[in-house]
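Trainee: Structure in structure tokens, see below.
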Amino acid sequence: MKTQRIIFPGVAILAASLAFGGCGDDDGTEPEAPAADEVAASTRNNLVWKRYNVIERDLSRALELAPEELCQELGTFGCIREAHLVTLGGHDPIHQGLYEPLAEPLVTTSLALDRIALSACRVRVDLDRTTPVVFTALDLDGPAPDAESEAFSQTVESLYRRLLSRDPLATEVDVIADLLVDEQGGRVSSADFAQLACFVVTTTTEFLFV
Amino acid sequence: MHHSTRFSRRGWMAGLGGTLGAAAGGLWLNPRRVFADEGDPNATTDPAERRLLFVVCATGGASIIDSFLPVAIDEVPSGVDAGSLNAYPTDLITQPTGSNIRGVLPVPDTNFLTPGYSIAEFLGAHYADLTVVAHDVTSVNHQVAQKRALTGAGIDRGRTIAEAVAARYGLDLPLANCNMATEGYVTPGDDASLPVAARSEIIADPRMYAMSTHGSRGQLAAPATDVLARARRIREGLEEVSPFGLTYRDAPLRQRYLNTRSEISPQLEAMDAITKLMLLPSDAIPQNLGVSPSPLGDAMRTVLPGVDRDNWHQQGALAFLLSYYGLSCASTISLRFDPSFDGDAIVGAPLAFDFSHQSHRAAQNVMWGRVLQVVDGLVRLLKEYDYLGDPALGKMWDRSLIYVASDFGRDKVRPAGNDGFGTGHHLNNGSVLLSPLLRGNQVFGGVDPATLLTYGFDGRTGEADPNVTIREGEVYSVIAQALDVDFPGRRDMSGLLA
């Protein structure tokens with residue numbers, strides 16, 4: 001899984017990953033993030049939009065959910081292969097005569113992805129209450145853990161490995177720690193933290209583009 | 001996007017907050033400002049100036065001599081075998097009092113197709129607003145011809161007419177150019193310089209499209225709006241510190257996606273597009289999801305009775321709602337090639353107008369009626385509603401143009417005396433336009449009763465001229481000129497303007 005992730009983005013991201021210190025340190029600490037000006041912008045910006053079937057496959061594999069469990073619209077229509085198929089870069093030759101998928105995401109692509117991520121993450125959280133698979137370090141019936149806790153760092157690391165096939169940087173862990181509390185600084189529930197952490201990682205451009 | 005200092009999370013989030021705050025502050029002034037400096041220097045965002053285009057695609061080859069330019073058998077000159085031409089008996093042709101345009105009445109044999117709304121009904125109701133333009137096309141290949149019908153065969157840098165209208169009037173609209181059509185009609189134009197905001201938003205299922213306009217509503221156990229908004233801000237923070245984000249900070253595809261996500265998506269949610277565009281009735285929406293039908297749903301059902309079961313009517317309804325609520329200024333809809341059913345009745349022919357290969361008159365008659373029913377619904381709605389619901393902006397109709405496009409015409413001949421014949425594709429045809437911006441109740445050009453071939457006209461005067469051939473570029477120019485869309489090489493079609 002990790003090997004695939006390094007290969008797909010190509011030379012530039014490989015170089016960036018190496019520059020960032022690889023995929024985690026042996027002592028368990030998160031890799032240090034370099035300053036932005038230390039990272040060369042890629043001159044080969046030929047990103048590829050990850051289409052509906054890859055989104056479905058990656059999300060299904062990462063969260064260990066069957067494709068049909070990921071998301072339903074109105075309790076009836078599959079989000080990925082029915083309701084938002086074209087929005088997610090699919091083609092529809094039979095009904096719309098759309099023989100080739102779209103070249104770029106539509107205006108509504110990010111919103112459709114948000115919906116799918118929110119749903120899939122919530123399904124995973126609900127299932128993990130009884131049989132933990134992804135959020136194994138969290139007490140999903142209790143409050144969110146502390147930012148310094150092993151439960152928190154383990155959860156973030158698990159999400160990054162499952163969804164992005166790499167370890168998070170320290171700065172990324174630091175940013176996600178904001179999800180542990182609400183706007184007023186109060187501790188959120190563990191389940192809400194799990195859903196939103198999963199949501200933000202799933203909907204980053206790193207998940208959508210390769 | 002370049003950063004010169006090493007940053008902490010707190011510092012970064014503070015900066016991000018400021019950036020997003022500035023973006024939000026300017027949202028309502030010019031939500032697509034990131035794109036607004038692109039393209040047409042005449043582009044306007046003033047709703048008072050905005051024009052609305054509806055492209056209604058009669059897929060498969062809608063023949064003008066089977067709708068509004070019919071020739072009667074007894075009009076065919078002596079010496080020509082009328083029985084070998086696709087001329088109609090006189091009693092199948094109607095011309096309402098006051099109308100300068102004729103139409104074909106329902107034909108007696110529609111094969112297995114079930115007729116509904118008729119050409120005659122439409123003509124009686126709308127002849128005063130109807131403009132018929134006789135012309136030729138340059139391809140009899142469906143996909144090629146369809147695309148040329150919308151690009152004027154490339155006369156405007158390869159832009160479709162909907163893209164051109166969106167670039168002129170829609171740079172501040174979240175979904176300026178919406179396309180629900182099929183095959184060549186859903187294909188984008190070829191102008192790489194087209195502003196991003198004018199590119200088409202492809203809509204596969206008009207009934208479900210509203211769900212795509214909101215990131216959370218309607219999802220069970222979705223977080224509260226403010227909670228989700230905060231999570232999204234945190235996500236933007238991740239974008240700025242991730243190796244992927246830093247490495248591909250200059251990637252145009254990613255930049256456009258981020259721009260859209262941060263600027264247009266919140267606009268769609270704030271405009272409550274999910275409610276305004278929701279075509280499903282309340283009994284089809286689970287009550288615990290916080291999703292409601294469009295306030296104009298019943299109004300849609302009054303004039304487009306198939307909204308709850310017919311994709312074609314749904315396309316028409318969504319096109320109207322997108323325009324009425326100020327989300328779009330150019331909509332393209334089309335018949336699809338798969339058959340349509342109303343219960344057991346086949347109301348839409350397989351292959352749409354192209355079923356003429358098997359049964360010409362039945363397909364043309366039934367499918368013209370099917371197209372015109374949605375056009376009728378659109379006209380009625382546009383005449384009834386004030387633009388954006390604001391009486392000061394006047395009726396939507398006053399700023400609208402409906403272009404009924406088709407691929408090409410059909411053969412003009414038939415086996416002698418045979419009414420159940422099939423036809424091939426033909427370059428010669430005509431198009432139908434409806435707009436108060438055009439001279440209505442007019443046919444521009446004409447048809448030669450000896451051959452049933454249409455001929456053109458002088459675009460500056462509108463006078464018919466059998467020696468002139470009008471093509472896709474002139475049709476495109478008529479629409480562009482009526483909607484005040486200029487481009488290098490636009491033909492002068494002043495003779496058709498109101």
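Trainee: Rounded to a whole number of µm²/s, how large is the Stokes-Einstein D of the protein assembly as shown at 4 °C and 1.567 mPa s, given Rh as the Kirkwood radius over C-alpha pairs?
Mentor: 48 µm²/s
Trainee: Follow-up question, since we're still on this one. I need the phi-derived Karplus couplings for region B:211-223: 6.51 cos²θ - 1.76 cosθ + 1.60, θ = phi - 60°, integer Hz, Gly and Pro marked x.
Mentor: 5, 7, 9, 9, x, 8, 4, x, 8, 4, 6, 5, x
Trainee: Taking R0 as 30 Å, what FRET efficiency do you get between residue B:302 and residue B:143 from their Cβ-Cβ distance, rounded to the nearest 0.05?
Mentor: Once rounded, the FRET efficiency stands at 0.25.
Trainee: Let me ask another. Can you tell me the mean projection area, over all orientations, of the convex hull of region B:144-263's alpha carbons? Units nm², please.
Mentor: Its Cα hull, projected and averaged over all orientations, spans 9.5 nm².
Trainee: Using the number of other C-beta atoms within 10 angstrom as an exposure proxy, rank B:180, B:271 with the fewest first.
Mentor: B:271, B:180
Trainee: How high is the FRET efficiency from residue B:289 to residue A:126, r the C-beta distance, R0 22 Å, rounded to 0.05?
Mentor: Efficiency at R0 = 22 Å is approximately 0.85.
Trainee: Once R0 is set to 60 Å, what does the formula 1/(1 + (r/R0)^6) return for the Cβ-Cβ distance between residue B:383 and residue A:170, expressed as a FRET efficiency to the nearest 0.05?
Mentor: Efficiency, from the Cβ-Cβ distance: 0.45.
Trainee: Treating cross-link reach as a plain straight distance, find the lysines whose alpha-carbon is under 20 Å from the alpha-carbon of residue A:50, omitting any fewer than eight places away in the same chain.
Mentor: Filter leaves A:2.
Trainee: Give me the lysines in straight-line cross-link reach of residue B:276: C-alpha distance below 29 Å, same-chain residues under 8 apart excluded.
Mentor: Excluding near neighbours in sequence, the set is B:383, B:395.
Trainee: Using only Cα positions of region B:281-345, each an equal point scatterer, no hydration layer, compute I(q)/I(0) via Debye at q = 0.24 Å⁻¹ and quote the log10 values to two decimals.
Mentor: One equal scatterer on each Cα of region B:281-345 leads to -1.12.
Trainee: What percent does the relative contact order of region B:294-347 come to when contacts are Cα pairs within less than 8 Å and at least six residues apart?
Mentor: Reported relative contact order: 24 percent.
Trainee: Here's something else I'd like to know. Give the Rg (one decimal place) followed by the Dmax (whole number) of region A:102-210, computed from C-alpha coordinates and expressed in Å.
Mentor: Both quantities, over Cα of region A:102-210: 14.1, 45 Å.
Trainee: Something else about it: So, in nm, how far is label residue B:109 from label residue A:182 when the simple model puts each one 7 Å beyond its Cα toward the Cβ?
Mentor: The two pseudo-label positions are separated by 7.4 nm.
Trainee: Still on this structure, please answer the following. Based on the alpha-carbon set only, what is the convex hull volume of region A:64-151 divided per residue, in Å³? Could the numbers behind the result be given before it?
Mentor: On the way: hull volume 12.5 nm³, N = 88.
Once divided by residue count, the hull of region A:64-151 is 142 Å³.
Trainee: May I ask you to list the residues of region B:228-246 whose amide nitrogen lies under 18 Å from a point 7 Å from Cα along the Cα→beta-carbon direction of residue A:40?
Mentor: Inside the label zone: B:243-246.
Trainee: At what distance in nm do the modelled label points of residue A:99 and residue B:398 sit from each other, each positioned 7 Å from its Cα along Cα→Cβ?
Mentor: In this crude spin-label approximation the distance works out to 4.5 nm.
Trainee: On full extension of the chain, what length is gained from residue B:192 through residue B:49, given 0.36 nm per residue of separation minus the C-alpha to C-alpha distance?
Mentor: Difference between extended and current length: 48.9 nm.
Trainee: May I ask for the longest run of chain B untouched by chymotrypsin sites (Phe, Trp or Tyr not before Pro) that are loop-located per DSSP and have at most 14 neighbouring C-beta atoms (other than their own) within 10 Å?
Mentor: B:113-498
Trainee: From the C-alpha gyration tensor of region B:94-153, pull out the three semi-axes of the equivalent ellipsoid (sqrt of 5λ each), sorted largest to smallest, in whole Å.
Mentor: 27, 19, 9
Trainee: Applying the Karplus parametrisation 6.51 cos²θ - 1.76 cosθ + 1.60 with θ = phi - 60° to the phi angles of region B:328-335, what ³J(HN,Hα) value in whole Hz is obtained for each residue in order, glycine and proline being reported as x?
Mentor: Karplus-based 3J(HN,Hα) across region B:328-335 equals 9, 10, 9, 10, 10, 10, 7, 5 Hz.
Trainee: Cα extents of region B:194-276 along the three principal axes, largest first, in whole Å?
Mentor: 39, 36, 18
Trainee: Near the amide H of residue B:424, under 5 Å away, which other amide H atoms are found, from residues 5 or more places off or on another chain, if H is placed in the peptide plane?
Mentor: Close amide H contacts, sequence-distant or interchain: B:411.
Trainee: OK, next. Would you kindly calculate the translational diffusion coefficient of region B:76-178, applying Stokes-Einstein with the Kirkwood radius from alpha carbon pairs, for 25 °C and a viscosity of 0.890 mPa s, and quote it in µm² s⁻¹ without decimals?
Mentor: Translational diffusion coefficient: 138 µm²/s.
Trainee: Kindly provide the helix-only [θ] at 222 nm of chain B, computed as the sum of -39,500 (n - 2.57) over DSSP H runs of four or more divided by all residues, to the nearest 500 deg cm²/dmol?
Mentor: After summing the helix terms and dividing by residue count, I get -8500 deg cm²/dmol.
Trainee: Please determine, in degrees from 0 to 90 and to the nearest 10, the orientation of helix B:9-25 with respect to the longest principal axis defined by the Cα atoms of chain B, where the helix direction is its Cα long axis.
Mentor: The angle comes out at about 40 degrees.
Trainee: Let me ask another. Principal axis extents for region B:132-205, Cα atoms only, whole Å, descending order, please.
Mentor: 36, 28, 27
Trainee: Please report Rg (one decimal) and Dmax (integer) in Å for the Cα set of region B:373-498.
Mentor: Just the Cα atoms of region B:373-498 yield Rg and Dmax of 17.4, 58 Å.
Trainee: A further question on this structure: Modelling each spin label as a point 7 Å along the Cα-to-Cβ direction, I'd like the residue A:69/residue B:226 distance in nm, to one decimal.
Mentor: 3.4 nm
Trainee: Let me ask another. What is the percent of Cα-Cα separations in chain B that go past 33 Å?
Mentor: Numbers: 50574 of 123753 pairs.
In whole percent, the long-distance tail amounts to 41.
Trainee: How long, wide and thick is region B:234-300, going by the Cα atoms along their three principal axes, in whole angstroms, largest first?
Mentor: Result for region B:234-300: principal-axis Cα extents of 50, 24, 16 Å.
Trainee: I've got another one for you. Could you check what % of the DSSP bridge pairs in the protein assembly as shown are antiparallel, to the nearest 5?
Mentor: Percentage antiparallel, nearest 5: 55.
The numbers here are math on the coordinates, done by the rules we state, and not lab data. Worth saying up front: this structure is predicted, and the values here are computed from it rather than measured. Don't worry about glycine lacking a Cβ; one is built from the backbone with ideal geometry, like all the others, and counts go over all protein chains shown.
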